Structure formats: C-alpha cells, structure tokens
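FYI, it's all coordinate maths here, none of it is from the lab. Since the structure is predicted, the reported quantities are computational estimates derived from the model, not experimental observations. A quick note on method: Cβ atoms are made from the backbone with ideal geometry, for glycine too, and the neighbour counts reach across all protein chains shown.
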Ligand SMILES: Cc1cc2nc3c(=O)[nH]c(=O)nc-3n(C[C@H](O)[C@H](O)[C@H](O)COP(=O)(O)OP(=O)(O)OC[C@H]3O[C@@H](n4cnc5c(N)ncnc54)[C@H](O)[C@@H]3O)c2cc1C
C-alpha cells in the first residue's frame, strides 16, 4: 500500500491549485502528495465547463469567502497566466441595465447598480459608472440605459490554467493518478485509507476537492451525510456566424435584483475569439446530466435581445453545459464556500459548495487551505518561511 502525507481527491482547479501550493511551501520535511482523479484527465468536470471569468468578487456578499477569495485569486491567476503564457482575454466586464427594463418599471435593477458600486468601493474594486453613449463607445452594438464597467476583469482559458497547475505540481513531485474513483474511506490510527476502484492509499491528511461529489466523499470519511450538494446546470449557446461573433467584445452581464441566485445570462467572449451566451440555471437530479432536456435558445435570446436587438435564435448553436456544485444556506440562498476541518486526526479538510467564483478563487483558496493552523501544525512549516512560488515550482 502507498503511503502519503496528503491525499487530494479531485483534479479540478481546486485540487490542482492546492497540490501546487503545498509543494511550493517550505516544510520541515518534503511532503509526499497524491492527487486521485476518477477521470482520465484534469478539469474533466466543472473546471472545464465554465465561463472562464476571473471575477472581481463584486457580485458576492461583502466579507464572504467567495468575495474575498475571488478578488485575491483573480489577481493571482492573472499574474500566473501572464507568467506562464496561458491565454487570457483582458476584456473588462460591463454590468448593464436595458432601456426595456426601465420602461417596464424594473427600477430594482437600477438600485442594484448602486449596491454594486458601494460594494466595489468597500472592497477597493476598480469600477466606473457609464452613460449610454459611453457604453456605445465601448460596445457599438450594445443598447443600454446605463451601466458600470470593471476594467480589470479578464477571461482565462480554464483548461490551460488547470493543465498548467498540474504541470507545476508534477514538476515539483506531486503524483497524479487518473482513472481512480474513490469508493471507500476508512481510518487506521492516524491515517486515512482511501480505497479507489484500482488501489488503496494511506494518507495522514485528506483534502476533499471532489466538486459535485464532495458531499459524497465527506460522507464516506465522516460516516454520515453532513453536506448535500444541489447540482445546478448552466447551459451555453455559441454565436457561430463569423459576423455575429464580433457583436460584443466584452463580458456583458445584466444587472439583476439583489435576490437573484446567479449573475445572469451574459455575453461570454473567450481568449480564442469565440463568443458564447449563457449560462442559465436549471436544477438537475443527476450530477452528470449535462445534456438531457436542453433549454431551447429562445430563453437566451429573450434574456439578451434587450441589449442587442439584432440577436436571433438562428444565430445560436448549442455549445455545452456545466453543473454548479451548489450548497444551500438555511435562508434558502446559496451558501458561501465551505472550507471545513472536519477531523483533526487524521486531518480531513472538506471543500464544499465551490461553485462560481471557484475558478477565480482557486489560487487564493489554495493559500487559505495551506495557511490553516491545522495544516501548518501538522506539517511543521519552519517559522518565518514564506511562499516560494517562482515561475515554475520545483
Ligand atoms: C456553468 C458554470 C459557469 C461557471 N463560470 C465560472 C466563472 O466564469 N468564473 C469562476 O470563477 N467560476 C465559474 N464557475 C465555477 C467554477 O467552474 C468552479 O467553482 C470550479 O471549477 C470548481 O472546481 P473544483 O476543482 O472544486 O471542482 P471540479 O472541477 O468539479 O473538480 C472536482 C474533481 O473531483 C473529481 N472527483 C469527484 N468525485 C471523485 C471520486 N469519487 N473519485 C475521484 N475523483 C473524484 C471529479 O472527477 C472532478 O474532476 C462556473 C461553474 C459553472 C457550472
């Protein structure tokens, strides 16, 4: 049986970022780390099925982990992308209110812009208010009565991002095993024994970064169901016509009322020049149900035609979907990220509900985990040492 200091379950952006962060620190003795993944590659689930937006945190509750880690993580991710040559589109984000909403008396949306402006000021996010003509100068095809612009928001190639984190981790000694689905977790004195469908692994610290299945993995380790993930699918259509691809160049989001559960269907340009619209929010029963009962394009057109009147259903082609691993708070709203030490010995860290903005937050989330006192105490990091990320770790 193979023995490790740390076993990370899940090779999504979070598992790979934590592996890299752990290996980038100076510990008293070198750590043996394994990442166990059920698919044959990294980012095969949510980390490879998103919008790639490096969010500012403006949509999140001030003081939440989601808000703080998105802001910090996005800054780290932009610097990392530049350093590693990962495709990055420095598009900026527009959050707009349509004339149609104002005519329909939806003044709540206007007050949302005020709330976002206040939130941005509190959290020192660079932002400006823009008039219709200002918006038209930025995006000639956009019809909007006003909006705010966040110039620092970028879009990253999420697959290349996760692949690079894996390359860094592997170069510094992390072992990745693919096609290994975790089916059992037992305790043996101070270790966990993680059983996959192919092997058994011993580890003193277990980090559960299993995304949609993190509730099931936590239940295996804890022997009871402490968390329940609600899978919420988000679908995308693509503008495939060569002329329509250029309709919008920036991220354009609607201003939604405070009680909205998501950030809204938006124009989602990518570093490779493609333009998508989405994602919507559909609660699904099956955590792997990416395609059944696809939402017809009409609702996407309805959501965005008020900003771009020339948009038609025939412009859109079904592209892909991703599934958010949501967790609900007691008040019926989505919970903040949960990063919980659920056992000190052996050490169990559960990362639950890492939905959007988890891609943005990943590098900061990894720091957050590694700097937890329980992790520091377990691996005796030498006092006074600092993070040692160079261009490549190793
Ligand atoms: C539609 C959509 C749009 C989004 N847009 C954005 C965005 O623009 N910006 C942003 O910041 N965030 C966005 N997100 C959120 C972001 O994609 C996620 O927060 C992030 O990818 C979560 O990463 P993860 O590593 O926690 O999970 P995952 O990527 O799901 O990784 C978990 C891994 O664990 C593996 N695993 C699970 N169970 C087992 C098991 N039993 N054995 C072995 N392996 C297992 C899985 O196979 C998977 O590879 C979006 C999400 C969705 C769905």
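General remarks:
- Sites residue 3 and residue 272, calculated FRET efficiency, Cβ-Cβ separation with R0 30 Å, nearest 0.05: 0.10
- Most tightly packed first, judged by the mean number of other beta-carbon atoms within 10 Å of their residues, the peptides 187-193, 19-25 read 19-25, 187-193.
- Between residue 341 and residue 129, the FRET efficiency from the beta-carbon distance, with R0 = 45 Å, is close to 0.60.
- Legend: Rg and Dmax of the chain, from Cα coordinates, 21.4, 68 Å.
- Estimated distance in nm for a label pair at residue 310 and residue 243, the labels positioned 7 Å out from Cα along Cα-to-Cβ: 0.7
- Here r is the Cβ-Cβ distance between residue 226 and residue 198 and R0 is 35 Å; the resulting FRET efficiency, rounded to 0.05, is 0.80.
- Among 196, 261, sorting on how many other beta-carbon atoms sit within 10 Å of each Cβ, with the fewest leading, yields 261, 196.
- Cα-based helix-to-principal-axis angle, 358-370 vs the chain, degrees rounded to 10: 30
- Across the range 44-97, Cα pairs under 8 Å and at least six residues apart give a relative contact order of 21 percent.
- Residues 311, 113 in ascending order of nearby Cβ atoms (within 10 Å, fewest first): 113, 311.
- Sorting 306, 122, 245, 66 from the fewest to the most surrounding beta carbons within 10 angstrom yields 122, 245, 306, 66.
- Rel. contact order, % - alpha carbon contacts under 8 angstrom, at least six apart, the range 1-116: 18
- For the chain, the relative contact order comes to 27 percent (Cα pairs under 8 Å, sequence separation of at least 6).
- One decimal place: the segment residue 282-residue 302 gains 5.6 nm when fully extended, by the rule 0.36 nm per residue minus the C-alpha distance.
- Between the helical axis of 158-171 and the longest alpha-carbon principal axis of the chain there is an angle of about 20 degrees.
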